[in-house]
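Novice: Sharing a structure below in structure tokens format, with a few things to ask.
Derivation of every value follows stated rules applied to the coordinates shown; laboratory data play no part. As the structure is a prediction and not an experimental result, all values here were calculated from the model. Because the Cβ atoms are built from the backbone with ideal geometry, glycine has one as well, and the counts that use them run over all protein chains shown.
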Amino acid sequence: MIVEQIWTGNAYRNFNYLIACPESGEAMAIDPLDYEKCLGLAKDRGWEITQILNTHEHGDHTGGNKPMIEATGARLLAHKNAKDSIDGIDVGLAAGDVVHVGRSVELLALDTPGHTMSHVCLLSQTDTPGLFCGDTLFNAGAGNCHGGGHPEQLYETFSQQLNELPESTLVYPGHDYITNNLEFTLDREPGNSSAAALLEDLKANHDPDHALITSLAQEKEINAFFRLTSPAVIARLREAFPDLPDDPSAREVFIKLRELRNQW
Ligand SMILES: [Zn+2]
Ligand SMILES: [Zn+2]
């Protein structure tokens with residue numbers, strides 16, 4: 001499997017992706033908003049884009065579908081419940097479906113509600129798994145829930161699915177929000193030395209054209225939404241929510257963090 005992360009350079013800071021089979025040269029474009037960049041890169045590499053995957057229905061993920069399909073004839077894959085919110089879906093995906101790219105690439109569909117209620121992530125079936133996670137998981141952060149999602153479901157997705165993946169899993173999110181998200185983690189947990197060191201490094205060197213690809217192990221150190229049992233996170237949360245119980249559940253901590261992040 002070959003993965004190309006494409007920085008769109010737009011105001012929403014979207015990342016698009018091409019996943020290619022090195023044997024056949026067939027490729028899948030994930031959320032190809034900047035279809036011109038995606039098409040240009042595929043042409044440079046000699047790849048044929050035969051499929052498009054939309055992680056979810058928001059316009060900054062689906063906006064490139066039409067011109068991309070016109071240019072390539074690619075078929076469109078998305079969550080099976082997105083058929084009323086995304087035009088022209090050819091394949092509706094459910095949890096456990098396997099998507100093939102060319103001869104050598106297999107991607108497992110995960111049903112990951114929370115940011116929206118019809119959001120899929122794809123997990124590559126490779127020695128080191130790659131997670132194409134749209135707006136569910138960001139580097140050092142989590143998707144918001146005000147565009148049709150629910151924080152309770154986002155918590156379930158994090159705790160039941162993302163948290164259970166191999167620690168080596170590489171994270172390929174839909175946006176470049178890492179520096180803001182690290183600032184949030186440090187606001188919640190000022191003593192987080194991993195987050196502080198990474199933020200300092202990124203302030204000097206951040207280049208979204210060659211973005212850092214984190215692993216889930218790293219996310220568990222730097223992402224407040226995976227640090228729900230940290231005494232420092234809980235103590236600081238109590239300053240904002242004095243009614244927080246002495247021993248809050250991971251769910252309560254996640255929901256409160258998500259609420260704080262909305263105004264932060
Ligand atoms: Zn979105
Ligand atoms: Zn988005």
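Novice: Summing -39500 (n - 2.57) over the DSSP H runs of n ≥ 4 in the chain and dividing by its residue number, what mean residue ellipticity at 222 nm do you reach, to the nearest 500 deg cm²/dmol?
Specialist: Result for the chain, helices only: -9000 deg cm²/dmol.
Novice: Still on this structure, please answer the following. Need one number: nm distance between label points at Lys83 and Ala95, each 7 Å from Cα along Cα→Cβ, rounded to one decimal.
Specialist: 2.0 nm
Novice: Expressed in nm to one decimal, what extension gain is obtained for the pair Ala71 and Arg103 from 0.36 nm per residue of sequence separation less their Cα-Cα distance?
Specialist: Fully extending the segment from Ala71 to Arg103 adds 9.3 nm.
Novice: My understanding is that a pair violates if its Cα-Cα distance is over 24 Å; which of Lys37/Lys66; Lys43/Lys66; Lys80/Lys220 do that in this structure?
Specialist: Lys80/Lys220
Novice: Can you tell me the dipole magnitude for the chain around its Cα centre, using point charges on the Cβ only (Lys, Arg +1; Asp, Glu -1), in Debye to the nearest 20?
Specialist: Values: 19 positive and 39 negative charges, 31 e Å.
My answer is approximately 140 debye.
Novice: When only Cα pairs under 8 Å and 6 or more residues apart are kept, what is the percent relative contact order across the chain?
Specialist: Contact order relative to length: 13 percent.
Novice: Among DSSP beta bridges lying fully in the chain, give the percent that are antiparallel, nearest 5. It would help to have the intermediate numbers written out before the result.
Specialist: Values: 25 of 40 bridges.
If I count the DSSP bridges inside the chain, around 60 percent turn out antiparallel.
Novice: Using Cα pairs under 8 angstrom and six or more residues apart, how large is the relative contact order of the stretch 1-91, in percent?
Specialist: Working: 177 pairs, mean separation 19.5, N = 91.
Reported as a whole number, the value is 21 percent.
Novice: Let me check I have the definition right: for the stretch 29-185, take the eigenvalues of the Cα gyration tensor, multiply each by 5, take square roots. What are those semi-axes in whole Å, largest first? Please list the in-between numbers first.
Specialist: Details: eigenvalues 115, 61, 53 Å².
Equivalent-ellipsoid dimensions as semi-axes: 24, 17, 16 Å.
Novice: Once you sort the root eigenvalues of the Cα gyration tensor of the stretch 1-90 as a ≥ b ≥ c, which label holds: rounded (a/c under 1.5), prolate (a/b larger than b/c) or oblate (the other case)?
Specialist: Since a/c reaches 1.5 but b/c is at least a/b, the shape of the stretch 1-90 is classed as oblate.
Novice: When a/c reaches 1.5 or more, the comparison of a/b and b/c decides; with that in mind, is the stretch 77-131 rounded, prolate or oblate per its Cα gyration tensor?
Specialist: Taking the square roots of the gyration eigenvalues as a ≥ b ≥ c, the stretch 77-131 is oblate.
Novice: Can you work out D for the stretch 42-124 in µm² s⁻¹ from Stokes-Einstein, where Rh is the Kirkwood radius over C-alpha pairs, the temperature is 20 °C and the viscosity is 1.002 mPa s?
Specialist: This corresponds to a translational diffusion coefficient of 162 µm²/s.
Novice: Over all directions, the average projected area of the alpha-carbon convex hull for the chain comes to how many nm²?
Specialist: Projected over every direction and averaged, the Cα hull of the chain covers 13.4 nm².
Novice: Now for a separate question. If I model a spin label at Asn180 and Asn262 as a point 7 Å from the Cα along the Cα→Cβ vector, what separation in nanometres do I get?
Specialist: Simple spin-label model gives 1.6 nm for this pair.
Novice: Quote the relative contact order of the stretch 72-130 in percent (integer), defining contacts as alpha-carbon pairs under 8 Å separated by 6+ residues.
Specialist: This gives 25 percent for the stretch 72-130.
Novice: First select every other residue whose beta carbon is under 13 angstrom from the beta carbon of Gly40; then total the charges, Lys and Arg +1, Asp and Glu -1.
Specialist: Charge balance near Gly40 sits at -1.
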